[in-house]
Amino acid sequence: MAWTSVAPECIIEDVRVDRRRAKFIERYGFSEKAVYFEGKYIPISLIHSVRMQPSVYHPGMCCGSALPVFKIRVDYGGEKPAVLMIERKSNVEKAIAMICAANPEVIIDKENILFPEL
């Protein structure tokens, strides 16, 4: 699979190697260089801020049963931020910690903060 950067001006030269080294949390890969999702990646150096919020997922795309999930909004300066949907609170904490460890300048949006310990 060819991985493409969400920002064509900022690409990772060894993207295959980096993705193999990435640690996966649910269906998303996190490395020191990028966040991988749906055949694309966001270079960590482009990420400005992250925001976590509780949400629900409707698997049948209609009203009725819904699963509680958490969404992480990743703002990287593009026209639309990336939204990562994660089921467990502990996995959200790990994902945010991995992003912040790779890029200490990332701002955690405190407006909708769920996890004061981060």
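The values are calculated or read from the model by the stated rules, or taken from the named source; none is laboratory data. Keep in mind it's a predicted model, so treat the numbers as computed, not measured. FYI the Cβ positions are ideal-geometry reconstructions off the backbone, even for glycines, and counts take in every protein chain you see. The area values use the complete protein model at the heavy-atom level, side chains included, leaving out ligands, DNA and RNA. Shrake-Rupley method; radii C 1.70, N 1.55, O 1.52, S 1.80 Å.
For the range 38-109, a simple Cβ point-charge model (Lys and Arg +1, Asp and Glu -1, everything else neutral) yields a dipole of about 160 debye relative to the Cα centre. Averaged over its residues, the range 22-78 has an accessible area of 53 Å² per residue, based on protein heavy atoms and a 1.4 Å probe. Given their separation in residues at 0.36 nm each and the Cα-Cα distance between them, Lys71 and His48 gain 6.6 nm when the chain is fully extended. Of the listed residues His48, His58, the order by accessible area with a 1.4 Å probe, largest first, is His48, His58. Principal-axis analysis of the Cα atoms of the chain puts helix 89-102 at an angle of about 20° to the longest axis. For the chain, a Kirkwood hydrodynamic radius built from all Cα pairs, placed in the Stokes-Einstein relation at 20 °C and 1.002 mPa s, yields a translational diffusion coefficient of 144 µm²/s. Going by accessible surface with a 1.4 Å probe and the largest first, Lys71, Lys89, Lys23 read Lys23, Lys89, Lys71.
Just the protein heavy atoms count here, and of the accessible area of the range 9-50 at 1.4 Å, carbon and sulfur take up 47 percent. Between Pro81, Pro104, Pro59, which gets the highest mean-square fluctuation from a Gaussian network model of the chain, Cα cutoff 10 Å? Fluctuation is largest for Pro59. For the chain, modelled as a GNM whose springs connect Cα atoms under 10 angstrom apart, the maximal fluctuation among Gly39, Gly77, Gly60 occurs at Gly60.
Using just its DSSP H runs of length 4 or more, each adding -39500 (n - 2.57), the chain gives a mean residue ellipticity at 222 nm of -5500 deg cm²/dmol after division by all residues. Here Leu67 sits with roughly 90 square angstrom of accessible surface, probe radius 1.4 Å.
Using the Cβ of Asn91 as centre and a radius below 13 Å, the other residues enclosed give a net charge of +3, where K and R count +1 and D and E count -1. A 1.4 Å probe, protein heavy atoms only, puts the accessible area of Met98 near 60 Å².
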